[in-house]
Amino acid sequence: MVHGQRRPTARQPRKSAPLWRNRDYNLWWSGTALSRLGSSISALALPLLVLAFTGSAAAAGLVGTCAAVGLLAGLLPAGVAADRYPRRRLLAGAALVQAAGAAALCSIAAAGRLWLPLVTALALIQGLASAVFNAAASPLVKRIVAAEQLKAAFTRAEARDYGAQLAGAPLGGLLFTLARWAPFLADALSFVAVALTAVLLRTPLGPDTGEPPDPARTPIRRDLMSGLSHIRRGPFLRYALLWSALTNMLFAGIGFLFVVALRENGASPSTIGAAEAIATGCGLAGTLATEWVVRRVPGDRIVLAVSWMVAAGVGGLVLLADRPWLAALCLGVSIAFVTPLNVVFATRVVTTVPDAMTARVLTSMNLAAMGFAWPAPLLCGVLADAYGADVPLIAIAAGLAVMAVVNHLAPAVRQLAAEPGARNPATAG
C-alpha cells in the first residue's frame with residue numbers, strides 16, 4: 001500500500017453485499033479470530049509457565065502487570081501513530097513483534113530455564129505492540145463494511161471474542177500439559193496469521209491524503225491529547241467515555257467477586273472453572289440473538305432495558321452464590337444482555353467520529369476504561385476480606401442501578417433512537 005492513496009469508496013464498499021460475501025471482512029474476521037484464540041491460549045499458559053519455574057504467584061502477577069502497563073502506556077501514542085502513518089504497516093509490524101515475543105517465550109519454555117527480568121520485559125513489549133495493533137485496527141471495520149452493516153459486523157466481533165475466550169483456556173491448558181512450549185508456538189503462529197491478513201486486505205486502510213493531522217504541521221505533543229479534546233466537544237462521546245469507564249470498572253469487580261463468592265460458599269476450583277465456562281458460553285449464545293435485536297429494536301430502548309437487567313443480574317448473584325450452576329447462569333445472562341448494548345455504543349461511536357480521528361478517540365476511550373478497571377479487583381478483594389463477597393456485590397448492583405436511572409435522564413441515550421440501522425432489518429447479511 002502506498003501511503004496517501006485515496007479511493008472514493010475506501011470507507012464504504014460500493015455494493016452492500018451480505019457480510020458472508022465481503023472478502024475483506026471475512027479475511028479480517030478469520031485472522032483476528034486466530035489471533036484472539038492464540039492470545040487466550042497464552043494468557044493461561046504464561047502464568048502457568050512462571051509458576052512452574054519460580055513457584056511464586058507474585059512473579060506471575062508481576063508479568064501480567066507488565067503486560068497491562070505496556071498496553072496502557074502505549075495507547076495514546078499508538079492512536080496518534082495510527083492516524084498519522086500507514087495503518088497496514090502498523091498492523092503487520094505490531095503483529096510480527098508480538099509473534100517474535102511469543103516465539104521467544106516458546107524458546108524459553110523449551111530450554112527449561114527462565115530468567116524473570118527477560119520474561120517481564122517480553123510482557124511489556126507485548127503490551128506495547130498490542131496497543132499499536134489495536135489502535136491501527138480501530139478504524140478498520142467502518143472501512144471494509146457498509147454503514148448499515150456495522151451493527152452486524154460488531155455483533156460478529158463479539159461472537160468471535162467470546163468464542164476465542166471460551167476455547168482458549170482449555171486449549172491452553174491442554175497444550176501446556178503436552179509441552180510447555182506448545183501454547184507459545186500456537187500464539188506466535190496466530191500473530192503471523194493476522195499479520196498476513198493485514199497485508200492481504202484490498203481495502204485502503206488509511207489514513208487518507210489531506211486528512212489531518214499532517215505530520216509536518218501538527219506537533220505530536222498536541223496530537224497525544226487530541227482524542228480527549230475531540231471527545232470533550234461531543235456530548236455523546238463524553239457520555240460513552242464515562243459509561244465505558246464505569247462499566248468496565250464494575251464488571252472487572254464482578255468477574256473477581258464471582259470467583260470469591262463461589263469459593264466462600266464451598267465451591268471447588270474445578271466447579272468454579274466450570275461455572276465460569278458456563279457464564280462465558282451464555283455470553284457467546286447471547287451474540288447469536290444480538291444481530292436480530294439490534295436490527296429491530298431502537299438503540300435507546302436497548303440501553304435502558306439492558307441497564308436494569310444487568311443490575312438485577314448482579315443482585316441475583318448475592319442470592320445464588322451457594323448454587324454455583326444457577327449463579328453461573330445468572331452471570332451468563334447478564335453478560336449476554338450486555339452484548340447488544342456494546343454493539344449499539346460501538347456503532348454510534350464509529351459513525352460519529354471522522355476516520356482521521358478514529359484511532360485517537362478510541363484509544364483515549366480504551367485508556368479511560370482500562371484506567372478505571374485495574375484497581376477494581378484489589379478494592380473488591382479488600383471489601384470481601386472485611387465484610388464478605390456479598391457487600392461489594394450489592395454495592396456494584398447499586399452502582400449499576402444508579403447508572404440505569406441516569407440513562408433515563410441522559411440526552412445522549414435518547415440520541416440512540418435515531419442511530420443508523422436501528423430500525424432497518426434489510427442489509428446486515
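Kindly check whether there is at least one residue in the range 9-20 that is within 29 Å of T203 (Cα to Cα), open to solvent by 60 Å² or more (accessible area, probe 1.4 Å) and at pLDDT 90 or above.
Looking through the range 9-20, none of the residues is within 29 Å of T203 (Cα to Cα), open to solvent by 60 Å² or more (accessible area, probe 1.4 Å) and at pLDDT 90 or above.
Quick one: which of L200, L237, L196 is modelled with pLDDT of 85 or more, buried (at least 19 other Cβ atoms within 10 Å of the Cβ) and not β-branched (V, I, T)?
On the way: L200 fails: buried (at least 19 other Cβ atoms within 10 Å of the Cβ); L196 fails: buried (at least 19 other Cβ atoms within 10 Å of the Cβ).
So the residue among L200, L237, L196 that is modelled with pLDDT of 85 or more, buried (at least 19 other Cβ atoms within 10 Å of the Cβ) and not β-branched (V, I, T) is L237.
Test each condition in (1) of a type in the set (S, T, N, Q); (2) at pLDDT below 90; (3) more than 17 Å from the chain's Cα centre (by Cα) for S107 and report the one that comes out false.
(2)
Would you mind stating whether G70 is within 22 Å of the chain's Cα centre (by Cα) and modelled with pLDDT of 95 or more?
Here the answer is no, as G70 does not meet what is asked.
Read through the list (1) open to solvent by 60 Å² or more (accessible area, probe 1.4 Å); (2) in contact with a helix residue (DSSP H, G or I) (Cβ under 8 Å, 6 or more places away or on another chain), then give the number of the only condition that L409 fails.
(2)
The values are calculated or read from the model by the stated rules, or taken from the named source; none is laboratory data. As the structure is a computational prediction, the values presented were derived from the model and not from experiment. Here the Cβ is made from the backbone with ideal geometry for all residues, glycine too, and neighbour counts use every protein chain on show. Ligands, DNA and RNA are excluded from the accessible area calculation, which covers all protein heavy atoms including side chains. Shrake-Rupley method; radii C 1.70, N 1.55, O 1.52, S 1.80 Å.
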